[in-house]
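The structure appears right after this line, and notes come after that.
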């Protein structure tokens, strides 16, 4: 399975999020999956990629060309495959196209942008792929409350709210993905 992970170019302040990124990468490799992600070596993005490769996974990074112009190193140098694209929009499009399912870890604007564009594509039936939010230690609780408020106020249909599958642990995520694999056989 090609698993697209949306996460951060920063490490954050709580070590639990780094550990979760590491666990996610190890699980991808140990389960024989392939990682598709944003191609960076920094933050939890780099942690997921490194852990996946350590566990034997093929890792495909997709990164916009303008990152090559940064004065600091952003592009991960050791990936199985690196695709350089012209824009952030093309990066998202390629990640969505290649993925069989999506996992969102804690992050910021870019992470939420990727998550919500993917959910919008699912809502519009442009893609039919599972989307998981790994809500480590309740990181996304305020966001989930906002989604509930959107549903309560008639802006988000119940069936579309259910497109986002929330899991609280790496173990729960692994179990749910295995269930999906069994259903598709």
Computed over the chain, the relative contact order (Cα-Cα under 8 Å, seq sep at least six) in percent reads 21 percent
Label model pair residue 158, residue 117: point-to-point distance (7 angstrom along the Cα→beta-carbon line) in nm is 3.2 nm
The distance between the Cα centres of the stretch 126-146 and the stretch 55-114, in whole Å, is 19 Å
In degrees, nearest 10, the alpha-carbon axis of helix 15-30 is tilted away from the dominant principal axis of the alpha carbons of the chain by 80 degrees
Connecting every pair of Cα atoms under 10 Å apart in the chain and solving the GNM, the largest mean-square fluctuation among 36, 166, 59 falls on 166
Note on the stretch 2-184, DSSP bridge orientation, antiparallel percent to nearest 5 equals 5 percent
In degrees, nearest 10, the alpha-carbon axis of helix 88-98 is tilted away from the dominant principal axis of the alpha carbons of the chain by 80 degrees
Asserting the computed 222 nm helical MRE of the chain (DSSP H runs at least 4 long, -39500 (n - 2.57) per run, divided by residue count, to nearest 500) equals -14500 deg cm²/dmol
Highest GNM mean-square fluctuation among 140, 37, 109, for the chain with Cα springs under 10 Å, belongs to 109
Expected unfolding gain across residue 127-residue 178 under the 0.36 nm per residue rule, minus the alpha-carbon gap, is 16.3 nm
Once normalised by the length of the stretch 20-94, the mean sequence separation of its alpha carbon contacts under 8 Å that are 6 or more apart gives a contact order in percent of 30 percent
Stretched fully, the stretch from residue 141 through residue 81 gains (0.36 nm per residue minus C-alpha distance, one decimal, in nm) 18.1 nm
So the angle from the long Cα axis of helix 141-152 to the longest Cα principal axis of the chain, reported in degrees to the nearest 10, equals 40 degrees
In nanometres, the difference between 0.36 nm per residue of separation and the alpha-carbon distance of residue 88 and residue 150 is 19.6 nm
extent check for the chain: Cα max minus min per principal axis, descending, whole Å, gives 46, 34, 34
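All of the numbers you see were taken from the coordinates with simple rules; none came from a lab. None of these values were measured; they are calculated from a predicted model. Neighbour counts run over all protein chains shown; Cβ positions are idealised from the backbone, glycine included.
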